[in-house]
Every structure is written in C-alpha cells, then in structure tokens.
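Beneath this line is the structure, given in structure tokens, with notes to follow.
The values are calculated or read from the model by the stated rules, or taken from the named source; none is laboratory data. Keep in mind it's a predicted model, so treat the numbers as computed, not measured. For neighbour counting, all protein chains shown are included, and Cβ atoms are generated from backbone atoms with ideal geometry for every residue, glycine included.
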Amino acid sequence: MYFIYIKESLKLQALTSIEILEKISDSAVAKARGSIKHFILAILAGAYIAFGAQASVMASFNLVSDPATFGIGKLVSAMVFPVGLMMVMLCGAELFTGNNLMIIGTLDRKIKMSGMLKNWIVVYIGNFVGALLIAALVNYSGLLESGGGLLGAVTVKTAVSKVSLDFGKAFVLGIMCNWMVCLAVWMVTGAYTTISKIFSIFFCIGLFVVSGFEHSIANMYFVPAGIIASGNDAFVQLLGTDISNLNIENFLMGNLLPVTLGNIVGGGIFVGVVYWLVGRKLK
C-alpha cells in the first residue's frame, strides 16, 4: 500500500496557468459575498502577518543595527518573515494583498466591481485590526527590551525609515512587493502538496523581504509598533533616531497610502490583469 501511495503521489502535477486562473476567478465569487466571517478571517490574517514581521525583527535586530552585517540581517529576516503568509494560506485567512487577485473574477464578470471593493475594504480594515493587536501585545509584553533594548531601538528606527520614504518611492516599492506576494498566492493555488505550497511562499516572500519592498499589511505592524515604542526614550536614544516625523499622519498618508496603491497595482495589474490577458485574450 505504501508503494501504491508513492506511485499515485508522483502522478500529481501542479495546475496549469489556465487552471490557476479559473480557480482564482471562482474563489472571488465567495469572497465578494462578504460576511462577518471574512472580517474575522481578515483579523487573523493581519495578526499572522504581524507575527511574521515581529519574528523577523527579533531574529535579525542585532545584525541590521550594524552596517557591516546589515545584508546578513536582511537575509535572516527574509528566512523568518514568510511564516506569516504560510499561516494565512495554509490555515485559511483573508489577506488584502492576496485578495487583489479578485480582479480576475471581475474581469471574468463573475463578480461586480462593487463586490470586489467591498471585500477589499472589509479585509483591509480587519487586517489593520489584527496587526494593531499584535503591535500592542508585543509592546506591552516587554519583548522590545530584548538585547538591552536594542530590539526596541531597531523597531523605532524601522518605523522612521518607512515614514521617511517619499510618496513615489513608497508606491514603487509597494508595486514590487505585491507582485511577489501575488505570485506566491498564484503558485500556492496551483500546488498540490503542503511542502510545495510552503516552498512557493518561502522564496517569493523571502525575495521581497531581502529586497526591502513595502507591504501595506506588514507596515500596519511595523510602523504602529515603532510609534508605540518611541514613547520609550531609552529606545530612541540607543541608536540616536530622529523621531520628529514619526506620527500617525505621516504613517497613514506618507507610507500606508502609497504602499497600498502600489500593492494594488503590483498584485492586481502585474499579476491579475496580465495573466488574465494571457489566459483569456492572447491565444
């Protein structure tokens, strides 16, 4: 029986691009209906991404704080952060950036634009709630005191670097980020086995992290965590970080807005629309 199982398993192949396109298009129908379930699952997704973000900083803070080991620190961070999307995809949750692929269902006329936008808004808010919850829990848990407060200092510095990006750069970094995220979702959709899904996520998400791209939902953890941590003078002084522009307004308008718009373009246009055109129109 064991050898029969192996033989049958070897027959399994990933879905073709056309099959993936159809599967994602069909999934948009259920998502567009909207319900309290989607909001709860969105809170979970925001929390899962925040857990991955927090762990990635915990694993690398002593490395990224030193210019000589910054690149190694980014690599370490990239090896940990993907766990967040793994939890989203394998446990089942609603992530705004992944749901940008719902545009395929809209182009197939299986759902209305209003249904897609409703899902995006509900899921976006839910993701924000989940990420803020983890940011608050981490700050009040005492974890930021790790490394003599260096973790807290790096958390503040990370938040400052994000709100200091100009609008255009944040937008472009957002495009490249969700291009990778939606490619990961695309490959997971076409994969049969759990291990193949994990590898699909690991490399695409690791690429965007090590490259320094901007993810709107991850930033819902990174920046609020930094804003809260900046209330501790010891964290601010440890790395001599200037926090004059670290505030809610700069976060929402200077980072989250352009990154979110970039994420929509990267995932919705460069993955969703392009593969729809290739699969439906360019034959």
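On the given criteria, is Ala191 of a type outside the set (Phe, Trp, Tyr) and touching a Phe, Trp or Tyr at 6+ places or on another chain (Cβ under 9 Å)?
When the stated conditions are applied, Ala191 passes them.
Looking at segment 116-123, can you tell me whether even one residue there is over 30 Å from Leu238 (Cα atoms), touching a helix residue (DSSP H, G or I) at 6+ places or on another chain (Cβ under 6 Å), surrounded by fewer than 19 Cβ atoms within 10 Å (Cβ to Cβ) and basic (Lys, Arg)?
No, there is no match, as no residue in segment 116-123 is over 30 Å from Leu238 (Cα atoms), touching a helix residue (DSSP H, G or I) at 6+ places or on another chain (Cβ under 6 Å), surrounded by fewer than 19 Cβ atoms within 10 Å (Cβ to Cβ) and basic (Lys, Arg).
Tell me, yes or no, whether segment 170-188 has at least one residue that is farther than 18 Å from Leu261 by Cβ, in contact (Cβ under 8 Å) with a residue 24 or more places away in the chain and either outside any helix (DSSP H, G or I) or in contact with a Phe, Trp or Tyr (Cβ under 6 Å, 6 or more places away or on another chain) (or both).
Within segment 170-188, none of the residues are farther than 18 Å from Leu261 by Cβ, in contact (Cβ under 8 Å) with a residue 24 or more places away in the chain and either outside any helix (DSSP H, G or I) or in contact with a Phe, Trp or Tyr (Cβ under 6 Å, 6 or more places away or on another chain) (or both).
Filter segment 27-36 for residues that are assigned to a helix (DSSP H, G or I) and in contact (Cβ under 8 Å) with a residue 12 or more places away in the chain and give the result. Write out each step before concluding.
Initial filter on segment 27-36 (assigned to a helix (DSSP H, G or I)): 27-33, 36.
Those that are assigned to a helix (DSSP H, G or I) and in contact (Cβ under 8 Å) with a residue 12 or more places away in the chain: Ser27, Ala28, Val29, Lys31, Ala32, Arg33.
Pairs please, first residue from segment 50-79 and over 15 Å from Gly206 (Cα atoms), second anywhere and surrounded by fewer than 23 Cβ atoms within 10 Å (Cβ to Cβ) and of a type in the set (Phe, Trp, Tyr), Cβ atoms under 6 Å, 6+ apart in sequence or on different chains.
The qualifying pairs are Val64/Phe70.
Mind checking which residues of segment 11-26 are in a loop (DSSP other than H, G, I, E, B) and of a type in the set (Lys, Arg)?
Lys11
Which ones in segment 128-180 are among the small types (Gly, Ala, Ser) and either crowded, with 22+ Cβ neighbours inside 10 Å or under 21 Å from the mean Cα position of the chain (by Cα) (or both)? Break it down stepwise before answering.
Restricting attention to segment 128-180, the residues satisfying the condition of being among the small types (Gly, Ala, Ser) are 130-131, 135-136, 141-142, 146-149, 152-153, 159, 161, 164, 168, 170, 174.
Within segment 128-180, Gly130, Ala131, Ala135, Ala136, Gly152, Ala153, Ala159, Ser161, Ser164, Gly168, Ala170, Gly174 meet the criteria.
Before we move on, is Glu8 assigned to a helix (DSSP H, G or I) and at pLDDT below 90? Break it down into steps so the answer makes sense when it comes.
On the way: assigned to a helix (DSSP H, G or I): yes; at pLDDT below 90: yes.
Taking the combined requirement at face value, the residue satisfies it.
So the check is Cβ under 7 Å with 6+ separation or different chains; which pairs have a first residue in segment 136-148 that's within 11 Å of Ala229 (Cα to Cα) and a second one that's surrounded by 13 or more Cβ atoms within 10 Å (Cβ to Cβ) and not hydrophobic (A, V, I, L, M, F, W, C)?
Within 7 Å, the pairs are Val138/Gln54; Leu144/Gly152; Leu144/Thr155; Glu145/Gly152.
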